Amino acid sequence: MAGEPQQLNLFWHVLKWVFEFFVLVVMRWKLDISGVTHVPRDRGALLVFNHHSQLDGPMVALPVVRRRGRPLRFLGKKEHWEGRLRPLLEMSKSVPVDRSSREARAGALDAVVEALESGDLLAMAPEGTISESFDLMPFRTGAVRAAQAAGVPIVPVIGWGTHRVVPKGQPMRSTRRIPVVVRFMEPFEVAPDADPVAATAELEDRMRAELDKVIAAYPAPTPGDDWWLPRRLGGSAIDHDQFLAQHEARLAAWDARDARRRARKSHQQARKDAFDEPRGGRVRRWVASMRRRAA
């Protein structure tokens, strides 16, 4: 059952001040933020962003907290709750998702719908992971299905620039005074009878077109420093198709592990059920099995 929407509290004000100090004083980024008025002030909405950096979440949350006066919850992988980020995630009422289990992913989707129905703002990355090629990865349908079930709009958000500072799998770079762009796009409404697959494809196309516009307007890299630009645009980032193949291999490994886990659980349940049978039933099954072996 939906509850009351989250409100700004001391935690959010302190977090906003700390991140503003980091962005504006320490890093001195040149922020280009627009469209934040598309985020509703008085109802639930699902913000979906392109995931290209470890700082995507804070850069989406900062304008929402500063200019709309609302907290922003996140959907994130369960592993974050097992590390140093756990206190922040718990205080922000974020939603963990276990990506190695289909049942767990479905449970996380239910929690997202509940949060949206209560009037909260919640953000998630429909790509499911950080894109190391810096191009959009294929979207999963979870965001569209959650917004559809809760009856709330989707606010697409395009970010660009923070991947030059905190790229995945690499140490943090002391890149200061760089342009950082955050574009809040017009709300994307999902009709109750819409096909989630088709709606997800349309959402992905809109965000890809906006991302291309942002990159085209972004200052070009200097010679020898184009590692952060997608290869299709002349940069030296990892080839997009190669990265997708690596990601698909990881997903296949997760699915295989999930299948083994479910098979092991089913076997354990069968053994428990057999042990819980009346003694006569176990004896009859043992006799029947011995007869089959003798035959």
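The values are calculated or read from the model by the stated rules, or taken from the named source; none is laboratory data. Values in this document were obtained by computation on a predicted structure and should not be read as measured data. Please note: Cβ atoms are built from the backbone with ideal geometry, for glycine as well, and neighbour counts cover all protein chains shown.
Brief remarks on what is shown
- Taken over segment 37-56, the criterion of being under 22 Å from Ser118 (Cβ atoms) and surrounded by 13 or more Cβ atoms within 10 Å (Cβ to Cβ) is satisfied by His38, Val39, Pro40, Arg43, Gly44, Ala45, Leu46, Leu47, Val48, Phe49.
- Considering residues of segment 200-216 that are among the acidic types (Asp, Glu) and closer than 14 Å to Phe188 by Cα only, the residue surrounded by the most Cβ atoms within 10 Å (Cβ to Cβ): Glu204
- Looking only at segment 118-144, and only at residues there that are of a type outside the set (A, V, I, L, M, F, W, C) and touching an Asp or Glu at 6+ places or on another chain (Cβ under 8 Å), the one that is surrounded by the fewest Cβ atoms within 10 Å (Cβ to Cβ): Pro138
- Subset tally (residues that are part of a helix (DSSP H, G or I), of a type in the set (A, V, I, L, M) and in contact with a Ser or Thr (Cβ under 9 Å, 6 or more places away or on another chain)) for segment 48-79: 2
- Some residue of segment 150-160 being surrounded by 16 or more Cβ atoms within 10 Å (Cβ to Cβ), over 23 Å from Val112 (Cα atoms) and of a type outside the set (D, E, K, R): yes
- Restricting segment 26-58 to residues that are modelled with pLDDT of 95 or more and among the aliphatic types (A, V, I, L, M), the residue that is farthest from Val180 (Cα to Cα) is Ala45.
- Note on segment 25-40: residues that are out of contact with any Phe, Trp or Tyr (no Cβ under 7 Å at 6 or more places or on another chain), closer than 13 Å to Pro63 by Cβ and part of a helix (DSSP H, G or I) amount to 1.
- Given (1) modelled with pLDDT under 90; (2) in contact with a Pro (Cβ under 6 Å, 6 or more places away or on another chain), index of the condition Asp135 fails: (1)
- Total residues in segment 207-224, condition aromatic (Phe, Trp, Tyr) and in a helix (DSSP H, G or I): 0
- Entry remark, segment 143-171: residues being under 21 Å from Pro5 (Cβ atoms) and in a loop (DSSP other than H, G, I, E, B) number 3 in total.
- When residues in segment 172-206 are screened for being in a loop (DSSP other than H, G, I, E, B) and among the small types (Gly, Ala, Ser), 3 of them pass.
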